[in-house]
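Asker: The structure that follows is given in the form of structure tokens.
Values in this text are rule-based calculations from the coordinates and carry no lab data. Keep in mind that this is a model prediction, so the values were computed, not measured. Cβ: placed from backbone, ideal geometry, glycine included. Neighbour counts: every protein chain shown.
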Amino acid sequence: MNGNKPATPTAWVDPDDAPELSDDFFDRADEFQGSQRVRRGRPPTGMPRKQVTTIRLSPEVMDAFKATGAGWQTRIDAALKDWLKTHSPG
């Protein structure tokens, strides 16, 4: 016969021990206007949107950009734009 197990005691956590919220936390946080979430990173109305594509990159390139943290795809886009300033694709 199975009986109820005694409740496991929970350790009290002092709310004053919560980590301090850094600028990085707020940079990654969702933003709301009232109860509606505001999508960050979208261009203002009238500006062209980026296109979704698939591209094959070498592991060295992927590792180097991913190691820089969030926003690595945007940095690849910026690097390609910079390359286009001095090169002709073709």
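Asker: Could you put GLU60, GLU20 in order, starting from the residue whose Cβ has the fewest other Cβ atoms within 10 Å?
Answerer: Listing GLU60, GLU20 from fewest to most nearby Cβ atoms yields GLU20, GLU60.
Asker: If I histogram all Cα-Cα distances within the chain using bins 5 Å wide from 0, what percent of pairs lands in each bin?
Answerer: 2, 8, 10, 13, 14, 12, 9, 8, 6, 6, 5, 3, 2, 1, 1, 0
Asker: Right, something else. Mean shadow of the stretch 48-90, computed from the convex hull of its alpha carbons, in nm²?
Answerer: Averaging across all directions leaves 4.0 nm² for the Cα convex hull.
Asker: Using θ = phi - 60° and the Karplus relation 6.51 cos²θ - 1.76 cosθ + 1.60, list the HN-Hα couplings for the stretch 17-28 in order, rounded to whole Hz, with x at every Gly or Pro.
Answerer: Listing the rounded values in order: 8, 5, x, 6, 7, 9, 4, 4, 4, 6, 5, 9 Hz.
Asker: Under a straight-distance cross-link criterion of Cα-Cα below 20 Å, which lysines are reachable from LYS66, leaving out those fewer than 8 residues away in the same chain?
Answerer: Filter leaves LYS50, LYS81.
Asker: Still on this structure, please answer the following. Taking the Cβ-Cβ separation of GLU60 and ASP27 as r and a Förster radius of 35 Å, what is the calculated FRET efficiency to the nearest 0.05?
Answerer: The value I calculate is 0.80.
Asker: Follow-up. Which loop-located chymotrypsin sites (Phe, Trp or Tyr not before Pro) does the stretch 11-90 contain, where loop means any DSSP state but H, G, I, E or B and the Cβ has at most 13 other Cβ atoms within 10 Å?
Answerer: TRP12
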